[in-house]
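Report on one structure; see the data block that follows.
The values are calculated or read from the model by the stated rules, or taken from the named source; none is laboratory data. These numbers were taken from a predicted model, which means no experiment stands behind them. We place every Cβ from the backbone using ideal geometry, glycine too, and count neighbours over all the protein chains shown.
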Amino acid sequence: MKKKITLLSIAILLLFNACSHSNANNENNNNKTDKDMNTQIETNKEKVLVVFFSLPGEQYSVGNIKVGNTKIVADLICKHIGCSQFEIVADKDYAMPYNDLIKVAKEEANKGELPTYKGKIENIDQYSTIFIGGPVWWGTYPQVMFSFFKDYDLNNKTIIPFTTHEGSGLASCVEDVKQAYPKANVLKGFSIYGHEVRTNEKKVIDWLKDLGF
């Protein structure tokens, strides 16, 4: 009888240890999964970049502003998806009355000028998805953005164009991006009125959700 009880006790003890080991493995696997998911999310964030040109100062419909309309949209994108950004800051001074700026934009576009800009992006190859945004000047992006297009090869990446405007919509911006990067996956563009960017964050959020962010 004692022998039977002893054997039964040993069997119960072995079963308990096996269950405890299994639970520990499950817990470790769950922790590993959570860690892997967090790592993947962080990695995805690092693969997204917002490149934009924005101009403060006197603007049509919104008056004299301290922060450019496109920068506000770029900041909202990064706020909601946690990406990096590069602002194209022209060496040329565009701080002038709006009507004078229109003349300069027209002249640059007609001449196909490529104004220089400050800074550079280190290791652009790390980014697989790039938002490209700017105001619409004379039917397309400002010419300084075409200088950026010339300097960086974004072919084989996913490009998401966006614009701020007061009636031009996307103009020819999407077509011009496709022409600059014929091998890129250029998604449908997004446009928002300059006078909306400070009060209609939901429009930007809905656009990002439609993109899958």
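Side notes on the structure shown:
- Qualifying residue in the range 155-162 (condition: part of a helix (DSSP H, G or I) and in the same structural domain as residue 51 (by TED's automatic domain parsing)): no
- Residue 110 vs. criteria in a helix (DSSP H, G or I), out of contact with any Pro (no Cβ under 9 Å at 6 or more places or on another chain) and among the polar types (S, T, N, Q): yes
- Subset of the range 149-200 that is among the β-branched types (Val, Ile, Thr), out of contact with any helix residue (DSSP H, G or I) (no Cβ under 9 Å at 6 or more places or on another chain) and within 28 Å of residue 66 (Cα to Cα) - its residue that is modelled with the highest pLDDT: 174
- The range 71-94 residues that are assigned by TED's automatic domain parsing to the domain that holds residue 131, paired with ones that are assigned to a loop (DSSP other than H, G, I, E, B) and charged (D, E, K, R) (beta carbon under 7 Å, 6 or more apart): 72/198
- Condition met for residue 97 (more than 21 Å from residue 170 (Cβ to Cβ) and at pLDDT below 95): yes
- Only one entry of 102, 159, 121 meets the criterion of being more than 23 Å from residue 213 (Cα to Cα) and within 21 Å of the chain's Cα centre (by Cα), and that entry is 121.
- All of (1) outside any loop (DSSP other than H, G, I, E, B); (2) of a type outside the set (S, T, N, Q); (3) in contact with a Leu (Cβ under 7 Å, 6 or more places away or on another chain); (4) farther than 16 Å from residue 192 by Cβ hold for residue 94 with one exception: (1).
- Only listed residue being outside any helix (DSSP H, G or I), surrounded by 19 or more Cβ atoms within 10 Å (Cβ to Cβ) and out of contact with any Ser or Thr (no Cβ under 8 Å at 6 or more places or on another chain), chosen from 132, 121: 132
- Complete set of residues in the range 76-90 that are within 20 Å of residue 120 (Cβ to Cβ) and either in a helix (DSSP H, G or I) or out of contact with any Pro (no Cβ under 7 Å at 6 or more places or on another chain) (or both): 78, 83, 84, 85, 86, 87, 88, 89
- Matching option when the condition is among the β-branched types (Val, Ile, Thr), crowded, with 16+ Cβ neighbours inside 10 Å, at pLDDT 75 or above and part of a helix (DSSP H, G or I), among 73, 51: 73
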